[in-house]
Amino acid sequence: MYARKNILTAALLFLISISTVKVVSAQGIPINGFVQGLWGGRLQEKNPTSSDYTASEVRLQLRMEHNADIAEVFARADFFNDEIVAGGNDWELREAFAKFTLLGKIDFKVGRQILTWGTGDLIFINDVFAKDYESFFAGREDQYLKAPQTALRSEYYSPLGELALVWTPRFAPNRTPATGRFSYYSPMSGDFAAEPFAVPLPAESIRNSELAGRFQKTVGGMALALYGYKGFFKNPVGFDFVSMMPFYPRLNIYGASARGQAGGGVFWLEGGYFHSYDDQCGEKPGIPNSNIQGLVGFEKQIASDITANIQYQAEKMLQYERYERNLVGNDKEDEFRSLVTSRISGRFRMETIILSSFIFWSPSDEDLYYRFSADYKLTDNMTVTVGGNIFDGNKRFTDFGMFQLNDNLYARATYGF
Amino acid sequence: MKTKISRTLGTVAIATLLALSANAQDAVEIAKKAHLNYYYAANDGLAEVSMKIVDSKGNERNRRFSMLRMDEADGGDQKYYTYFYEPSDVQRMTFMVHKSAAGNDKRWIYVPAVDLIKPIAADDKNSSFVGSDFTYEDVSGRLWTEDNHTLTGETRLNDRDVFILESKPIKPYKGFSRRVSYIDKELYLPLKEEYYDAKDKLERVLTAEKIETIDNIPTVTERKMQNMQKNRYTVVSFNSIKYNLGVKADLFTERYLKTPPREYIK
C-alpha cells in the first residue's frame, strides 16, 4: 500500500523534475538533483511504534547554482512524501546561501547551510553543528546526518593561520530519533516508548544564539586546530523537575585537534572540555555534569580499494561524587565512558559496488550500534542501495541501548540528473 | 699475438661496456625527457577533462571535471586540483593531490553536501582513478628514477619514428613487472605504452589518440587505456587546455577545496 502510493509519487516527482529542468535551463541556470525512494522495515516485533516500517518515502532534490563575479549563490531543496512520520507531502530547504570574499582574505557564507569541522569519523567532539539522527538510523544517505542551520560563517586567512567564526542566530538542536519513527527508552516511564517528543527551544534572543570558532594552522603537514563554542547541549539532556519537561541546558566547549598523515595512513586526535554552564558545581540532578572527552583514530588502506579505520573515544564525567550524591532515579551513568568504532569500506568492480561496515561498541556502556550498506551503481545515474541498522545493549538507558528495539533493514533507489 | 688478441678483446669489452652504458644513459635520458614532456608541460596547466569508461558489455559511464596542475619543479613535487561536474552524485565535489617526488602523496576530498574535508589514507597508487582504467599513478605519472630503462630498438608507429624503451621497476612493484614504451623521436612523447603483469602477460595498453600543439607545447589531448585482460577501456579527452596561467601555490589548500577558484573553474 505504502509502496504503491510512493511509486506513483516518484513517477510524478520525476516528471515534474524533468519539466522543471527544461524550463529553467532556458534561462541559463541548470538544475540538477535526484529522485529517491527509500523503504525500510523493522526486525523486531515488540516495538511500541505504530508502523512496521521504518521508512517509506520518496524524495526529490533540486539543486541550482549561479556564479556571479561578486558572489556564488547555491540552493538545494528537498520535496518529499514521508508515509511514516509526516504522513504526507512536505519540503525542506537544505541549503540556500551566498558566498563572497572581502579584501581577498575573508570568505563569507551567509544563509541556510550545512557545516562540518573536527576530525572524527561519525563521532563528534568539537563539531557542534546540528545532526539528524532520525535520518541516520532510517537509512537515508550519509549526507542527511547533517541538518541544515541558518548561519553566518566567516573565515579569515592570514599567514598565522585561519580563523573561522560561525554565528547561528537561532539555536539549531540535533534532530533526535524520537519522532514516532523509532522507539527509545524513556526514564520517565521506565520503559520503551515511541511517542514523539518535541522540546521547546530556548527563547529567541542574542544571548541564546550560538557562536562557534576555530583557529587552524598547518604545521609540517599536520593540521592543528583550536575550537571554542558557546551555546547549548545539542540534545535535550536537561530535565526541569518543576515543569517536568526536558530542556536544552547551556554549554561551552573548549577543544583542540590534530590531523596528519603517517604510517601510510591518516591519524587524528581530538579533545574537548564540555563546560556545563547551568550546573557549574555539578550538583543539579536535572543537568549533566561537565566532562572531558578525547578521541584518537587511524585510517589506512589495507588492500587495493579497501580502507579500514579504528577510533577510540573516552569521556570522563567531572565531579562524579556530586553526581552520585544528587542522582535521582536508578539509571546511574559511569564516571568513565569509552567507545571503540571501526569502519571498513571497499570499492569494487571499478567503483560500481561500494560496501561499507561501521561498528560502534562501548565497552563501558556494554552497548553497540552496527550499520552496513551495499551500493550498486547500475549506471552513472541509477544507484540501488541496501543496508541495515542494528542496536544492542545490556542497559536500557545508554546511548545505543535505548534504541535496542529499532533494528531495521532498508532499500533505497536513487536516480540522479 | 697473445697480447694483441687480449688487447683487442679488452678494447671490444670496453667498447661494449661504453656502448651499453651509453645505451643506458640514452634510455634514461629518453625516459626522463618523455616524462617531463608528458607530465610537467609548462609550469602549470588547466584542462576540462571528459572521461568515457566502457566495460566489457559495452556499458558506458562518463565523468567530466576540470583539472588544474602546478609544478614546484620539473620532475619534482606537483599539486593537482580537480573539480567534478558529472555525474550528478559527485557534482561540486573537489579533490586535491600534493604529489611528492620523494615520499608519499597526500590526497584530500571535499564533499560539499556535508561540508566535509577528508584526507584520504592512500598509499596505494594503483587504485582506479574515479572508477576508470587509469590508476592514480597514470594520472600524475611514475618518476623515471623508479625504473631501470633499456633502449631495445627503434621502429615506426602511426607514421612516426619512435624509440622502443623497456622499463622495469627497480623495487618489486604491483603496478607492472615490465613496461614497453614507444616514444616519438621528435616530440619525446609516448605514443603507446604496454604494461605487463607479474606473469609477463600484457595487461593494459595506453595509446595517444590525438596530439595537438597548444601554446607551442605538443600535448596528448586524447588518451586511451585498454585493459586487455578484462576487455574494457577508458578514453580521456582534454579540452580548453591552458598553460602558464601563473597559478599560485596557496590555491592548493583547504580554503579553495571548499571554495573553487572561479577564475579557473567555471
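The values are calculated or read from the model by the stated rules, or taken from the named source; none is laboratory data. In this text the structure is predicted, and so the values were computed from the model without any measurement. Note: ideal-geometry Cβ built from the backbone for every residue, glycine included; neighbour counts use all protein chains shown.
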Criterion violated by B:Val97 - all others in (1) β-branched (Val, Ile, Thr); (2) more than 14 Å from chain A (Cβ to nearest Cβ); (3) crowded, with 19+ Cβ neighbours inside 10 Å satisfied: (2)
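Kindly indicate which of B:Val97, B:Val111 is on the phi < 0 side of the Ramachandran plot and at pLDDT below 95.
B:Val97
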Any idea which of A:Gly264, A:Gly294 is of a type in the set (Gly, Ala, Ser) and away from chain B (no Cβ under 14 Å)? A:Gly294
Scope region A:68-98; condition farther than 17 Å from A:Arg181 by Cα and either modelled with pLDDT under 90 or in contact with a Leu (Cβ under 8 Å, 6 or more places away or on another chain) (or both); matching residues: A:Ala68, A:Asp69, A:Ile70, A:Ala75, A:Arg76, A:Ala77, A:Asp78, A:Phe79
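Which one of B:Phe163, B:Phe176 is outside any loop (DSSP other than H, G, I, E, B), in contact with a Phe, Trp or Tyr (Cβ under 8 Å, 6 or more places away or on another chain), more than 10 Å from chain A (Cβ to nearest Cβ) and aromatic (Phe, Trp, Tyr)? So that I can check it myself, show each step before the final result.
Numbers: B:Phe176 fails: outside any loop (DSSP other than H, G, I, E, B).
Going through B:Phe163, B:Phe176 in turn, just one is outside any loop (DSSP other than H, G, I, E, B), in contact with a Phe, Trp or Tyr (Cβ under 8 Å, 6 or more places away or on another chain), more than 10 Å from chain A (Cβ to nearest Cβ) and aromatic (Phe, Trp, Tyr): B:Phe163.
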Answer yes or no: is there a residue in region A:106-127 that is farther than 26 Å from A:Asp78 by Cα and of a type in the set (Lys, Arg). no
Could you go through region A:241-248 and let me know if any residue there is within 21 Å of A:Gln319 (Cα to Cα), out of contact with any Pro (no Cβ under 6 Å at 6 or more places or on another chain) and modelled with pLDDT of 95 or more. no
Taking region B:224-266 on its own, how many of its residues are within 14 Å of chain A (Cβ to nearest Cβ) and over 17 Å from the mean Cα position of the chain (by Cα)? 23
Checking A:Asp69, A:Asp78, A:Asp107 in turn, the sole residue that is of a type in the set (Asp, Glu), over 20 Å from the mean Cα position of the chain (by Cα) and part of a strand (DSSP E or B) turns out to be A:Asp107
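Please note which strands (runs of 3 or more DSSP E) are completely contained in region A:134-238 and include at least 1 residues that are within 30 Å of A:Gln61 (Cβ to Cβ) and touching a strand residue (DSSP E or B) at 6+ places or on another chain (Cβ under 8 Å).
Values: elements: A:149-158, A:161-168, A:184-186, A:191-193, A:210-219, A:222-232.
The qualifying strands (runs of 3 or more DSSP E) are A:149-158, A:161-168, A:184-186, A:210-219, A:222-232.
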Looking only at region A:145-176, how many residues end up being aromatic (Phe, Trp, Tyr) and modelled with pLDDT under 95? 1
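Go through the residues of region A:130-140 one by one and say whether even a single one is among the acidic types (Asp, Glu), within 12 Å of another protein chain (Cβ to nearest Cβ) and within 30 Å of A:Arg207 (Cβ to Cβ). It would help to see each step written out before you state the result.
Here is the first cut: in region A:130-140, the residues among the acidic types (Asp, Glu) are A:132, A:134.
Subset that is within 12 Å of another protein chain (Cβ to nearest Cβ): A:132.
The next check asks that each one be within 30 Å of A:Arg207 (Cβ to Cβ); those that pass are A:132.
Yes, region A:130-140 contains a residue that is among the acidic types (Asp, Glu), within 12 Å of another protein chain (Cβ to nearest Cβ) and within 30 Å of A:Arg207 (Cβ to Cβ).
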Has region A:260-276 got any residue that is touching a strand residue (DSSP E or B) at 6+ places or on another chain (Cβ under 9 Å), under 23 Å from A:Asp132 (Cα atoms) and part of a loop (DSSP other than H, G, I, E, B)? no
Here the qualifying pairs (Cβ atoms under 9 Å; residues six or more apart or on different chains; first in region A:371-382 and farther than 14 Å from A:Gly346 by Cα; second of a type in the set (Gly, Ala, Ser) and in a strand (DSSP E or B)) come out as A:Arg371/A:Ser356; A:Arg371/A:Ser357; A:Arg371/A:Gly387; A:Arg371/A:Gly388; A:Asp380/A:Gly416; A:Asn381/A:Gly416; A:Met382/A:Ala413; A:Met382/A:Gly416
Which of the following residues is surrounded by fewer than 13 Cβ atoms within 10 Å (Cβ to Cβ) and modelled with pLDDT of 85 or more: A:Ser50, A:Ser25? A:Ser50
Could you list all residues from region A:187-199 that are of a type outside the set (Val, Ile, Thr), surrounded by 13 or more Cβ atoms within 10 Å (Cβ to Cβ) and over 16 Å from A:Ser50 (Cβ atoms)? A:Pro187, A:Gly190
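Would you say A:Ser345 is closer than 22 Å to A:Leu295 by Cα, within 14 Å of chain B (Cβ to nearest Cβ) and modelled with pLDDT of 95 or more? Can you show your working first?
Numbers: closer than 22 Å to A:Leu295 by Cα: yes; within 14 Å of chain B (Cβ to nearest Cβ): yes; modelled with pLDDT of 95 or more: yes.
Considered against the rule, which asks whether it is closer than 22 Å to A:Leu295 by Cα, within 14 Å of chain B (Cβ to nearest Cβ) and modelled with pLDDT of 95 or more, A:Ser345 comes out as yes.
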Please identify the pairs in which a residue from region B:106-128 that is within 7 Å of chain A (Cβ to nearest Cβ) and over 18 Å from A:Ala303 (Cα atoms) has its Cβ atom under 9 Å from the Cβ atom of a residue that is part of a strand (DSSP E or B) and hydroxyl-bearing (Ser, Thr, Tyr), counting only partners at least 6 apart or on another chain. B:Leu116/B:Tyr110
Can you tell me how many residues in region A:383-417 are assigned to a loop (DSSP other than H, G, I, E, B) and hydroxyl-bearing (Ser, Thr, Tyr)? 1
Can you tell me which residues in region A:317-337 are surrounded by 15 or more Cβ atoms within 10 Å (Cβ to Cβ) and touching a Phe, Trp or Tyr at 6+ places or on another chain (Cβ under 8 Å)? A:Met317, A:Glu333, A:Glu335
From the set of residues in region A:116-128 that are in contact with a Gly (Cβ under 9 Å, 6 or more places away or on another chain) and touching a residue at least 24 places away in the same chain (Cβ under 8 Å), which is nearest to A:Leu251 (Cα to Cα)? A:Val128
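On the given criteria, is B:Lys171 surrounded by fewer than 16 Cβ atoms within 10 Å (Cβ to Cβ) and either within 14 Å of another protein chain (Cβ to nearest Cβ) or in a loop (DSSP other than H, G, I, E, B) (or both)?
Details: surrounded by fewer than 16 Cβ atoms within 10 Å (Cβ to Cβ): yes; either within 14 Å of another protein chain (Cβ to nearest Cβ) or in a loop (DSSP other than H, G, I, E, B) (or both): yes.
When the stated conditions are applied, B:Lys171 passes them.
Scan region B:85-94 for residues that are away from chain A (no Cβ under 11 Å) and either surrounded by fewer than 20 Cβ atoms within 10 Å (Cβ to Cβ) or farther than 27 Å from B:Gly246 by Cβ (or both) and report the count.
Quick first cut of region B:85-94, residues away from chain A (no Cβ under 11 Å) only: B:93-94.
Imposing the further condition that a residue be either surrounded by fewer than 20 Cβ atoms within 10 Å (Cβ to Cβ) or farther than 27 Å from B:Gly246 by Cβ (or both) reduces the set to B:93.
Result for region B:85-94: 1.
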Give me the pairs, please: first residue somewhere in region B:250-263 and closer than 18 Å to A:His66 by Cβ, second residue anywhere and loosely packed, with under 15 Cβ neighbours inside 10 Å, beta-carbon distance under 8 Å, and either six or more positions apart or on two chains. B:Arg262/A:Asn67
B:Asp147 being at negative phi, touching a strand residue (DSSP E or B) at 6+ places or on another chain (Cβ under 6 Å) and among the acidic types (Asp, Glu): yes
Restricting to region B:50-78, give me the number of residues that are more than 30 Å from B:Asn244 (Cβ to Cβ) and either β-branched (Val, Ile, Thr) or surrounded by 21 or more Cβ atoms within 10 Å (Cβ to Cβ) (or both). 3
Pick from region A:297-316 the residues that are closer than 15 Å to A:Ser342 by Cα, polar (S, T, N, Q) and within 14 Å of another protein chain (Cβ to nearest Cβ): which of them is surrounded by the fewest Cβ atoms within 10 Å (Cβ to Cβ)? A:Gln301
